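Student: One structure, pasted below without further comment.
What follows draws every value from the coordinates through simple rules; no lab data is involved. Source: prediction; values computed, not measured. As a convention, Cβ positions derive from the backbone with ideal geometry for all residues, glycine included, and neighbour counts pool all protein chains shown.
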Amino acid sequence: MELVLIGLCGCTAYDVVSILEKKREPFTSLEVRAQAERAPDPPSVYTQIKLTYSVGGNVSRKAVEDAVRLSKEKYCSVSAMLGKTATITTQIEFLNAE
């Protein structure tokens, strides 16, 4: 089950990076972390997932928020699949540019 979360992080990270590159946003790093809760009874599917995006660089807040939203709502097939049983929330942390 942990590998499913890793797949979700990788899928959405790929989308966010791709979108930010297309927008020519000068990001320097991206890290995606997941925390999740599972149902108590088998098959114990995920019921709550929180994704935290840590973005480095001098990026537009709106561009990152749009990229995360588009990944969740349109592009990430793993998110679409998990969204059938889990509520997926997101948080974005903006790291200072070096």
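Student: How about segment 62-98: which of its residues are among the charged types (D, E, K, R) and farther than 13 Å from Val16 by Cα? Spell out how you get there, then give the answer.
Tutor: Going through segment 62-98, the residues among the charged types (D, E, K, R) turn out to be 62, 65-66, 69, 72-74, 84, 93, 98.
Lys84, Glu93, Glu98, listed by residue number.
Student: What's the number of the condition Pro40 fails, among (1) farther than 17 Å from Cys9 by Cα; (2) touching an Asp or Glu at 6+ places or on another chain (Cβ under 9 Å); (3) not in a helix (DSSP H, G or I)?
Tutor: Against the list (1) farther than 17 Å from Cys9 by Cα; (2) touching an Asp or Glu at 6+ places or on another chain (Cβ under 9 Å); (3) not in a helix (DSSP H, G or I), Pro40 comes up short only on (2).
Student: Please pick out the residue among Leu8, Leu30, Leu70, Leu20 that is touching a residue at least 12 places away in the same chain (Cβ under 8 Å), touching a Cys at 6+ places or on another chain (Cβ under 8 Å) and among the hydrophobic types (A, V, I, L, M, F, W, C). Spell out how you get there, then give the answer.
Tutor: Working: Leu30 fails: touching a Cys at 6+ places or on another chain (Cβ under 8 Å); Leu70 fails: touching a Cys at 6+ places or on another chain (Cβ under 8 Å); Leu20 fails: touching a Cys at 6+ places or on another chain (Cβ under 8 Å).
Going through Leu8, Leu30, Leu70, Leu20 in turn, the sole match is Leu8.
Student: Further, regarding this structure: Go through the residues of segment 50-72 one by one and say whether even a single one is within 14 Å of Val4 (Cα to Cα) and under 14 Å from the mean Cα position of the chain (by Cα).
Tutor: Within segment 50-72, the subset within 14 Å of Val4 (Cα to Cα) is 50-51.
With the extra rule that they be under 14 Å from the mean Cα position of the chain (by Cα), the set shrinks to 50-51.
Checked against the condition, which is being within 14 Å of Val4 (Cα to Cα) and under 14 Å from the mean Cα position of the chain (by Cα), segment 50-72 yields at least one hit.
Student: Same structure again: Can you pull out the residues in segment 72-98 that are out of contact with any strand residue (DSSP E or B) (no Cβ under 9 Å at 6 or more places or on another chain) and either among the hydroxyl-bearing types (Ser, Thr, Tyr) or surrounded by fewer than 13 Cβ atoms within 10 Å (Cβ to Cβ) (or both)?
Tutor: Correct list: Glu73, Lys74, Tyr75, Ser77, Lys84.
Per-residue answers, yes or no, for (1) surrounded by 12 or more Cβ atoms within 10 Å (Cβ to Cβ); (2) touching a Lys or Arg at 6+ places or on another chain (Cβ under 6 Å):
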position	(1), (2)
Lys23	yes, no
Thr28	yes, no
Ala39	yes, no
Pro42	no, no
Tyr46	yes, yes
Gly56	yes, no
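Student: Still on this structure, please answer the following. For segment 43-61, which residues satisfy the criterion of being part of a loop (DSSP other than H, G, I, E, B) and either closer than 14 Å to Ser79 by Cβ or touching a residue at least 24 places away in the same chain (Cβ under 8 Å) (or both)?
Tutor: Ser44, Val45, Asn58, Val59, Ser60
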